[in-house]
1. Fully extended, how many nm does the chain gain between residue 105 and residue 132 (0.36 nm per residue separation, minus their Cα-Cα distance)?
2. What are the residues whose amide H is under 5 Å from the amide H of residue 249, where those residues sit 5 or more places off or on another chain and H is modelled from the backbone?
3. Kindly put 338, 364, 152, 259 in sequence by how many other C-beta atoms sit within 10 Å of each C-beta, fewest to most.
4. Go ahead and set up a Gaussian network model of the chain, Cα springs under 10 Å, then flag whichever of 221, 288, 263 fluctuates most.
5. I want to make sure I understand the PRE zone here: with the label point 7 angstrom from the Cα of residue 238 toward its beta carbon, which residues in segment 336-350 have backbone N atoms less than 19 Å away?
6. On the Cα set of segment 19-64, report Rg and Dmax in Å, please.
7. Pulled fully out, how much extra length does the chain show between residue 389 and residue 169, if you take 0.36 nm times their separation in residues and subtract their Cα-Cα distance?
8. Starting from the Cα-Cα distance between residue 45 and residue 279, subtract it from 0.36 nm times their residue separation and give me the gain in nm to one decimal.
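Rule-based calculations on the coordinates, nothing more; no lab input. Just so it is clear, the model here is predicted, and its values are computed rather than measured. Note that we place each Cβ from the backbone using ideal geometry, even for glycine, and neighbour counts take in every protein chain shown.
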Amino acid sequence: MALDRFGVWLSARRIRRTVGSFSGLRVVDIGCGYEATVARALLPVVASMTLVDVAIVPVLRNHPKVRAIEGRLPEALEEIQDGSQDVVICNSVLEHLWEPADTLREVWRILAPGRLALVNVPSWRGKRYLEFSAFRLGTSPADEMQDHKAYYDPRDLWPLLVRAGFSPRDIRCSRHKFGLNTFAACRKAADEPDRHTAQPSEYFPFPRHPRLLAVTSELSLRGRRKMFGQFMEATKPSAATRILDVGVTPDVSLPDANYFERLYPHLHQVTASSVEDASNLEVVFPGLKFVRTAGVKLPFADQEFDIAFSAAVLEHVGDDDQQRRFVVELLRVARSAYLLTPNRWFPIDFHTMLPLIHWLPQRYHQLILRKVGREFLSRTENLNLVSRRRLISLFPPGVDVHLSQHRILGLSSNLVAYARRVDSKVGAPSSP
């Protein structure tokens with residue numbers, strides 16, 4: 001029916017905008033429907049799709065990317081491994097369940113740390129309109145309305161999500177579809193955040209509206225395309241150039257994540273590294289090799305690469321000494337290093353989205369961050385912004401360094417350092 005199809009379209013649009021890119025993700029659609037309309041549109045780009053409902057159309061059950069589970073909730077979800085999924089979609093399902101908390105606990109269980117669950121349910125305001133549409137106008141399925149057990153405003157859904165295991169700070173619950181639905185985006189917290197890297201909810205201000213998140217990610221990608229163009233112009237890599245990308249993320253849900261891998265044409269010559277397990281990138285970007293690292297020390301031979309590339313990592317490796325060791329390590333494993341980092345003197349710190357306070361002496365900046373609930377970023381080992389002068393001071397003698405800037409509205413937002421070895425002794429093996 002036309003009204004029902006319009007509702008499905010609105011839900012699908014909200015889901016796409018919240019996640020950004022589904023490329024290479026492992027997705028579960030709970031209560032997908034017989035035709036699995038939302039999931040069907042995502043199949044060309046996802047790594048895998050698990051469909052869960054009482055019945056699923058045969059053509060999808062036989063699809064090579066699909067795992068179809070037919071059964072009742074929450075028992076049907078028991079077949080899915082713990083922490084194995086990147087995105088869990090639960091669209092117009094909870095209102096049909098007498099015990100929705102049991103299903104939400106299963107959603108939390110199967111979701112990988114740092115990943116997203118998306119829940120959409122009709123609200124109490126929507127009840128009146130949905131029933132009028134179904135029982136009076138006949139523009140929505142009446143049998144579905146008869147099966148509704150409950151309706152949910154944000155204040156009803158939020159406690160269920162917390163009880164399921166989601167942290168309050170990682171739940172964004174809002175009205176949707178002109179107030180007729182409630183939509184929640186919930187990120188599962190990491191079990192043990194690494195001291196050098198954090199989940200998106202730590203490094204980035206997750207309390208963002210999903211639409212704003214999509215917009216800012218797209219704007220960020222535009223800027224990073226420009227920075228990528230500057231990299232290609234400065235280094236002029238060929239198909240034989242060996243490149244190490246230090247500091248990739250396993251998160252591929254946003255279009256600006258791992259932008260180097262998205263844009264570089266010769267991935268068979270690229271090795272990516274991270275302190276996180278980003279081995280999923282080998283599936284998302286065929287030809288890429290991933291190596292997991294620990295701390296600043298890199299497990300590669302001297303000059304194993306032609307270029308070491310690192311974007312937005314330097315500010316997260318620790319104090320001045322750790323940053324200096326990181327730079328030296330890049331120049332040990334590669335003949336040249338191309339390094340990008342946010343400029344401390346840009347008016348807004350993009351990690352916190354707070355203006356000007358990062359211009360204060362570091363101890364006062366960190367004090368304010370603790371006061372506003374950003375404890376993780378208040379520690380030097382997790383955020384240590386650099387200026388142009390200090391960036392230059394991190395490079396050892398015997399290195400030719402060319403510094404440039406990326407600008408936003410005429411202001412220097414990012415510093416770019418392209419360093420080439422002129423002394424063979426640069427980057428002697430460092431201590432672990």
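1. 6.4 nm
2. Hits under the 5 Å cutoff: 258.
3. Neighbour counts put them in this order, fewest first: 364, 259, 152, 338.
4. Looking only at 221, 288, 263, the largest GNM fluctuation is found for 263.
5. From segment 336-350, the list is 336-337.
6. Every Cα atom of segment 19-64 included, Rg and Dmax give 10.1, 29 Å.
7. Values: separation 220, 0.36 × 220 = 79.20 nm, distance 3.66 nm.
Full-extension gain reported as 75.5 nm.
8. Roughly 82.5 nm would be gained on extension.
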